[in-house]
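Q: For reference, the structure I am asking about is given below.
Every number here is computed from the coordinates shown, using simple stated rules; none is lab data. None of the values given here were measured: they were computed from a predicted structure. Here Cβ is always computed from backbone atoms with ideal geometry, including for glycine, and neighbour counts include all displayed protein chains.
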Amino acid sequence: MSGPLEGVRIVDLTSNFMGPYAALLLGDMGADVCKVESLSGDTTRGVGPARNPGMGAIFLHLNRNKRSVALDLKSRGGREAVGRMIETADVVLYSLRPAAMDRMGLSYERVREINPRVIYCGAFGFGQAGQYADRPAYDDLIQAAVGMAVLQSRKTGPPTYVASAIADRVVGMALSTAVSAALYRREKTGRGQAVEVPMFETFAHFAMGDHLYGYSFEPPIGDTGYARMMNADRKPYPTTDGYIGVNVYTDRHWQRFFDIAGRPEMSNDGRFSTIAGRTANIGLLYKLLADVLATRSTAEWVNIFGKADIPAIGMNTPESVLDDPHMKDVGFFAIEDHPSEGKVRSLGIAQTWSEDQPSIRYPAPRLGQHTEELLGECGYSSDDITALVQSGAAFAAPHV
């Protein structure tokens, strides 16, 4: 089995993080992702440790379950080749600004002429009805624009970014969801359509659902920002031998914790007996947690909280999570033999399907590894492909 999207063909014109992450999720679900790269390759090929040029760690984890074709879309031959690919595609995925797609002759109007049933789905910086429409955008810019850096600063000091490409990956997930929904709609109506997933608006929806807060009302009845999430003491707590993550959240959780802490009277204190009261006084509760948790080891607390049915877990580092016993049970991190890169550690597919279980069908490709294969599937003869490569409109990786 190869997943629920088996038979769906995607012409993937994205690069960097956001679009490739969306294409990764769709490829993991079984879609045939044809990754169209420039002759110099996706920018992430050069990011992170690598055994061979163009096969950096970031690229490996963003681009499995894809086939790579390298084309110069500024050349006539490259544009003709991608047009041939679009003829049989279900989805065209792109992350360039719409004006750039138009300049390459790949606007929705043009693509729809080639294939009326195609789903034409793009993720780029800003919605096209606003004054930022033509601006470029990257993860850091969108975090700043939405206010995420300020929300972080309310915990740590000066504005700072989340230590992850969180905007790229959140918008990538939204993009994959939009593609799946558009494919479902086409099954119902028989019609393709264009879908736009702008980064600014999509990430604002993600962040401000928590943090619009008092400004949810007009006039406002409080400040922006969910106080509990911004509190500087919302963090893993030190124990005698490490750190622990604990979420004492519901009324029953807190009642049990107050008993464990030797402070049962706090259950009847109006400041702490309801979630509204606890939210307003969260700083006091976080201080109590910190003081109490510092008295025992992580393992002791995990055991105590387990018996009390209070959610808790020992803190991992990025290195120790590789040896986490649960991760070992489910086989999430696996050592695999990459055809050109040797032994690599792969990230598993988190979902479980009873009938159409997704799978890792092939690893991240070398640049142009499948150029000949994909062009052949579009009707190009061997001589045609050789001529295209010799003209500089395409690149085909040497066979290994």
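Q: Going by average Cβ neighbours within 10 Å, how do the peptides 103-114, 51-62 rank, with the highest at the top?
A: 51-62, 103-114
Q: Between helix 251-260 and the chain, what is the angle of the helix's C-alpha long axis to the longest principal axis, kept within 0 to 90° and rounded to the nearest 10?
A: Value to nearest ten degrees: 50.
Q: Please give every one of the aspartates and glutamates within straight-line cross-link reach of Lys155, meaning a C-alpha to C-alpha distance under 12 Å, and leave out same-chain neighbours fewer than 8 residues apart.
A: Counting by Cα, and skipping residues close in sequence, Lys155 has these aspartates and glutamates nearby: Asp233.
Q: Just order 276-287, 74-85 by mean Cβ neighbour count inside 10 Å, highest at the front, would you?
A: Final packing ranking: 74-85, 276-287.
Q: Sticking with this structure for a sec: Enter the angle in degrees (range 0 to 90, nearest 10) between the Cα long axis of helix 199-211 and the first principal axis of the Cα atoms of the chain, meaning the one along which they spread out most.
A: 10 degrees
Q: So for Asp90, Asp102, Asp12, fewest C-beta neighbours within 10 Å to most, what's the order?
A: Asp102, Asp90, Asp12
Q: Related question: Towards the positive end of the charge dipole of the chain, with charges on Cβ (+1 Lys, Arg; -1 Asp, Glu), say which of Gly376, Pro311, Ala144 has the farthest Cα.
A: It is Ala144, whose Cα lies furthest towards the positive end.
Q: Next question. Taking the Cα centre of the chain as the origin and placing charges on Cβ (Lys, Arg +1; Asp, Glu -1), which of Phe17, Pro116, His326 is farthest toward the positive end of the dipole?
A: Phe17
Q: Quick one: which of Lys74/Lys343; Lys235/Lys307; Lys66/Lys343; Lys66/Lys188; Lys35/Lys343; Lys66/Lys235 span more than 30 angstrom between C-alpha atoms?
A: Correct reply: Lys74/Lys343; Lys66/Lys235.
Q: Could you state the angle between the C-alpha long axis of helix 18-28 and the longest principal axis of the C-alpha atoms of the chain, as a value from 0 to 90 degrees rounded to the nearest 10?
A: Once rounded, one gets 80 degrees.
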